[in-house]
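The values are calculated or read from the model by the stated rules, or taken from the named source; none is laboratory data. Values in this document were obtained by computation on a predicted structure and should not be read as measured data. When we count neighbours, we look across all protein chains shown, and the Cβ atoms used for this are built from the backbone with ideal geometry, even at glycine. In case anyone asks, the SASA skips ligands and DNA or RNA and just uses the protein heavy atoms, side chains included. Shrake-Rupley method; radii C 1.70, N 1.55, O 1.52, S 1.80 Å.
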Amino acid sequence: MTAIVAFVSQKGGVGKSTLARALAREAAVGGLRVKIADLDTQQGTSVDWHRLRLSQNIKPVISVEAFATAAQALEAIYGYDLLIIDGPARTSSATLEISRAADLIVQPSGASRDDLIPAVREFHALSKADISKERLAFALNRIGTRAEEAAARIYLQQAGYNVLDGSLCDRPAYRQAQNTGHSITETRYSGLNEKADMLIQSLIDRVTND
Ligand SMILES: Nc1ncnc2c1ncn2[C@@H]1O[C@H](COP(=O)(O)OP(=O)(O)OP(=O)(O)O)[C@@H](O)[C@H]1O
Ligand SMILES: [Mg+2]
């Protein structure tokens, strides 16, 4: 059985491709056969990163492929333990199709009201479309302080949703890592790697416990 984790959001730039790549890296290091399905055919962020990673000879090699739809990605899961869908922003019909296919749907969100409100609206729309809340989880990204993280976590939980343990702070080193074909768990700073890994491990725990 191939587990399927999808990253979706209404807003752009929230961290879907960032978390998809980090999950792929950590799952691969943990011995899983993993593939990223890049469904953002316009941007191709994960595909581009894959090419860069190969050119820099960074191990482990992670399989990344572009697909136009979730259905196409599902046809290519044979032989993989984990399929990671890196979804496009702002496309509600594609997001629903992706969510129907996935065991776990993760939406990254920042901590501001501007980020939280549309993020909750997106999950409300999915639960209205019969995606069970147990399959939905938020990941907190670009967090500034502990207090900010705690307040955002409470807001999302009170809206009725799971929030993954851990969070990502906003750091140039995370961008620099991805600029060179690395994941956010492969920066030059062990503290930042550990922080990113905590969030990714709570995601992996949630997938493997299902
Ligand atoms: N915690 C962070 N700290 C610093 N930079 C970050 C962080 N998270 C994401 N970024 C940067 O923000 C930008 C957007 O992130 P990413 O591409 O992962 O978002 P996305 O949700 O996939 O965007 P899109 O909706 O356009 O596909 C990237 O340049 C990424 O490197
Ligand atoms: Mg993206």
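I need the full set of residues from the stretch 41-50 which are outside any helix (DSSP H, G or I) and open to solvent by less than 20 Å² (accessible area, probe 1.4 Å), in order please. Spell out the reasoning first.
Kept after step one, since they are outside any helix (DSSP H, G or I), are these residues of the stretch 41-50: 41-44.
Correct list: Gly44 only.
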Checking Arg53 against (1) more than 16 Å from the chain's Cα centre (by Cα); (2) open to solvent by less than 50 Å² (accessible area, probe 1.4 Å); (3) away from ligand 1 (no atom under 16 Å from the Cβ); (4) under 22 Å from Asn193 (Cβ atoms), which single condition isn't satisfied? (3)
Given Gly13, Gly31, which one is surrounded by fewer than 16 Cβ atoms within 10 Å (Cβ to Cβ) and under 20 Å from Ile184 (Cβ atoms)? Gly13
Mind checking which residues of the stretch 152-186 are more than 16 Å from ligand 2 (Cβ to nearest atom), part of a helix (DSSP H, G or I) and surrounded by 21 or more Cβ atoms within 10 Å (Cβ to Cβ)? Ala152, Leu156
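In this structure, is Leu19 assigned to a helix (DSSP H, G or I), within 27 Å of Lys128 (Cα to Cα), within 16 Å of ligand 2 (Cβ to nearest atom) and within 16 Å of the chain's Cα centre (by Cα)?
Details: assigned to a helix (DSSP H, G or I): yes; within 27 Å of Lys128 (Cα to Cα): yes; within 16 Å of ligand 2 (Cβ to nearest atom): yes; within 16 Å of the chain's Cα centre (by Cα): yes.
Against the criterion (assigned to a helix (DSSP H, G or I), within 27 Å of Lys128 (Cα to Cα), within 16 Å of ligand 2 (Cβ to nearest atom) and within 16 Å of the chain's Cα centre (by Cα)), Leu19 qualifies.
Could you pull out every one of the strands (runs of 3 or more DSSP E) wholly within the stretch 61-151 that has 2 or more residues that are in contact (Cβ under 8 Å) with a residue 40 or more places away in the chain and open to solvent by less than 20 Å² (accessible area, probe 1.4 Å)?
Values: elements: 63-66, 82-86, 104-109, 136-143.
Qualifying strands (runs of 3 or more DSSP E): 82-86, 104-109, 136-143.
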Subset of the stretch 96-148 that is more than 16 Å from ligand 1 (Cβ to nearest atom) and of a type in the set (Asp, Glu) - its residue that is farthest from Asp81 (Cα to Cα): Asp130
